[in-house]
1. Once label points are set 7 Å from the Cα along Cα→Cβ at both R160 and D289, what is their separation, rounded to one decimal in nm?
2. Tell me which DSSP H helices of the chain clear both cut-offs, 30 Å or more of axial length from alpha-carbon atoms and a mean Kyte-Doolittle hydropathy of at least 1.0.
3. Identify the chymotrypsin sites (Phe, Trp or Tyr not before Pro) of segment 52-136 meeting these criteria: DSSP loop state and at most 15 other C-beta atoms within 10 Å of the C-beta.
4. Which of the aspartates and glutamates could be linked to K11 by a straight reach, that is with a Cα gap under 14 Å, when you skip same-chain ones fewer than 8 residues away?
5. If you count, for each residue, the other Cβ atoms within 10 Å and average over each peptide, how do 175-188, 231-244 line up from highest to lowest?
6. When you have a sec, figure out the Kirkwood radius of segment 253-352 from all distinct Cα pair distances and drop it here in Å to one decimal?
7. Amide H neighbours of S312 under 5 Å, counting only residues 5+ apart in sequence or on other chains, H built in-plane at 1.01 Å?
8. Do you know the relative contact order of the chain, to the nearest whole percent, from alpha carbon pairs under 8 angstrom that are 6+ apart?
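Where a number appears in this text, it was derived from the coordinates with a stated rule and is not lab data. No experiment lies behind these values; they were computed from the predicted model shown. No Cβ is skipped: glycine too gets one built from the backbone with ideal geometry, and neighbour counts run over all protein chains shown.
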Amino acid sequence: MIDLRSDTVTKPTPAMRRAMAEAEVGDDVYGEDPTVNRLQERAAELFEKEAALFVPTGSMGNQIAVKLHTRPGTEVIIEERGHIYNFEMAAMSAVSGTVARSVRSADGSGILTWEEIEGALHAGGPYYVAPTGLIALENSHNLAGGSLLSRERTEELCERAHALKLPVHLDGARIFNAATALKESVADLARPADSVMFCFSKGLGAPVGSMLLGERAFIEEARAWRKLLGGGMRQVGVLAAAALVALEETPPRLFEDHANARRLAEGLAELPGLSIDPAKVATNIVLFDVTGTELTANEICARLQERGVLASGFGSSIRMVTHYDVSREEIETTLQELNSILGKSEARSQQSE
Ligand code: TLP
């Protein structure tokens, strides 16, 4: 199977498996797992943040951040397709008692301007509207097709938010992809935000785990919330060991996934009924619209699956994500399979005309 559903599907590399087998471990609830401690220190150093906390999932990292930055009865400003709002089980209401004030980016990029955020702000009254508690950003923006939030825009949004005493959390599940595409360091992309979460289990290719980073006091509180939410893990150095390998080995090769994604997008743009602008594919996520075909996104995904290709349908779009377990050759095969599915359905619709 060529699995393009997500970059979460990668299997650990031989180097990761070796590191896992040999990992030195201890009970991390007592703070005694040397491999986890090393991973947290390495991440804090790379991101130039005071402290870091290894969490089982990106969702847990994001939701702990929402919890710590807000109080119940406040609103979180987030782009309409943001992961924290759409794919985390309404945890921001269940865990934190907050609701999303969602804002669509007018240009469709998923990247908000300050003016768009400002229009949704409730800061400083009147008393009968729920105050804004947090601004949540995402880089790269998954459901907007892996789009990029530049360092300059991040700085501007954070500066304006801080002037109003509003905190900013950055969902950087794929911040290493963003840093590669923008030719920036992850530290520079994350610096203006009060907290950042990134995933080892996405583009970096480790089997499990994410990191939440911020000031020391914030991370100490986050540790308690991780325990409360059932995320106090014990000899978890076996997972941290794979994450350490991912952190060192994967970033230098992410440009290959981006080149594969761009090639895929260029091929898709030539197929009948599909709509995508390859110039906008900057990272490893390829999102295309299928309304111009006579099939639904789910029908196309089902036919692809019969031919050995897995992709995800989202409404009238299909998402394909490249990663280290997908080769250039498999990208070409995917395009051929899709071509024969769409070619056939087009021939049928011409016959019936
Ligand atoms: N994204 C998954 C699905 O949930 C859609 C994927 O396949 O892309 N932030 C962002 C931007 C994400 O894309 C994801 C996962 C998360 C947070 C949550 O991470 P996990 O799955 O570790 O909870």
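1. Here the answer is 2.7 nm between the modelled labels.
2. Values: long enough: 328-352 (36 Å, -1.09).
Long hydrophobic helices here: none detected.
3. Working: sites: F54, Y85, F87, W114, Y127, Y128; in loops: F87, Y127, Y128.
Here the sparse-neighbourhood loop sites are F87, Y127, Y128.
4. Once the sequence-local aspartates and glutamates are set aside, what remains near K11 is D3, D325.
5. Numbers: 175-188: 20.7, 231-244: 23.3.
In descending order of packing, they fall as 231-244, 175-188.
6. Numbers: mean 1/r = 0.0739 Å⁻¹.
For segment 253-352, the Kirkwood estimate is 13.5 Å.
7. R319
8. Values: 711 pairs, mean separation 82.8, N = 353.
It comes to 23 percent, rounded to a whole number.
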